[in-house]
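Structure record follows, encoded as structure tokens.
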Amino acid sequence: MDDSKNDNGPLVYINGKRFDLPTDRPEYTLLHFLRENGLTGTKLGCGEGGCGACTVMVSRWNAPAGEARHAAVNACLCPLYAVEGAHVVTVEGLGSSRRGLHPVQSALAQAHGSQCGFCTPGFVMSMYALLRSKGAQRPTAAEVEEALSGNLCRCTGYRPILEAFRSFTLDDGPRGRDYAADCLRRLEGLSWDAEAKSGRERAASGAGICPSSGLPCDCGARDGLAGEDGENDEESAKGESERRGEAGRGACCSKDGQRRTAARAQAAEPIFPPMLTRRPIRALALEGRTSTWHRPLTLEGLLEIVAAHPEARIVGGNTEVGIETKFKNKIYAHLVDPRHVPELQGVRLSPPRGPDGPGSVTFGAAASLTEVLEASRRLATSLPPRSRGTVAALAAQLALFAGPPVRNVATLG
């Protein structure tokens, strides 16, 4: 949708496109909204955040850091209004067999990591979110395994999936470095135009033209698409590609052709919408038939809502309220999202009171379990041995609690 529209209403960006949200659907989950809008690659499996088939990546702008933060999230539990002002990327936003596969998708296919395919979009999005959250760094094999711990597969036994995604790590040798470098180059913005220009230069040196992509490659297609003088005819190849139609695109018998058609998918890979870097987060009070969704931005505002509606339920990751409303048919008239209240966010460290006195750690009630886990791990390695026992035990326990898509939104409070 057009960014020039009035942005005072609730909105979300999905795969780089703006969607204005309905104002009377507090009971909706993100999964409901995605599938109603034709994005059916995100699957409904268990409906309670246990299988990972509905995994998507949610990106939010972190103004103090001046960057977007990315996290895998279970769309089946995520309330629709919880992603207001965020950017959601689904498996459709990465690539397809028609316009070229993303390296994450391609690696999984080449390793035979998909059988029935129902869980595949969730695995792809969990791995993609890990790569985006790591930025220029490459994940370790242990980080890949942890990132996939919230996804279930009943077909493959997991081995081909892990082998596919280990290829993005430095642990897996030269092949891993090549895969990771290719993916990182794409995330950094390698353009299809640059690939096409490089291809034309290769054509001038005698390379063939692929009838599938219409670009130079070494698949041997030039024998069937040569001009009357026997030379390569790029325009003829492109015309043949058009005559073959969309069904004939995106496949090539050479690795070089696969790389080039994959670059086409990269050109459409959604970036974080610039508009969201300028749009401030707003307080919300959206009333539906049975519930009202509140999003206060201050502690005073939160206390006022709770005072006016003592029966209101605080919703962090929706891992409890969502189960109660979905499977126990409970109805809550007022739902309150506390995650934008500064006093309830993050993890704060207090220095020791004296040379031998202990310091303290304050976990915000709206801090995600992932934030708590990462902070506990850092403290467990930085504190002296006699002071690290509690945070080390907390980190070990949280690492076994659910999977990253749940921990990324579930809160302590």
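Things worth noting here:
- Note on the stretch 345-407: Kirkwood radius taken over Cα pairs, Stokes-Einstein applied at 20 °C and 1.002 mPa s, translational D equal to 174 µm² s⁻¹.
- Here the Karplus relation 6.51 cos²θ - 1.76 cosθ + 1.60, evaluated at θ = phi - 60°, turns the backbone of the stretch 372-386 into coupling constants of 5, 4, 5, 5, 5, 5, 5, 5, 5, 9, 9, 6, x, x, 6 Hz, with x for every Gly and Pro.
- Range of Cα positions in the stretch 75-126 per principal axis (Å), largest first: 37, 22, 15
- Kirkwood Rh, Cα atoms: Rg over Rh of the stretch 1-112: 0.98
- Annotation: average projected area of the stretch 11-187 is 10.3 square nanometres, based on the convex hull of Cα atoms across all directions.
- According to the Kirkwood relation over distinct C-alpha pairs, the hydrodynamic radius of the stretch 284-413 is 16.5 Å.
Read-outs throughout are calculated quantities, based only on the coordinates presented, and are distinct from any laboratory measurement. Quick caveat, the model's predicted, so the values are computed rather than measured.
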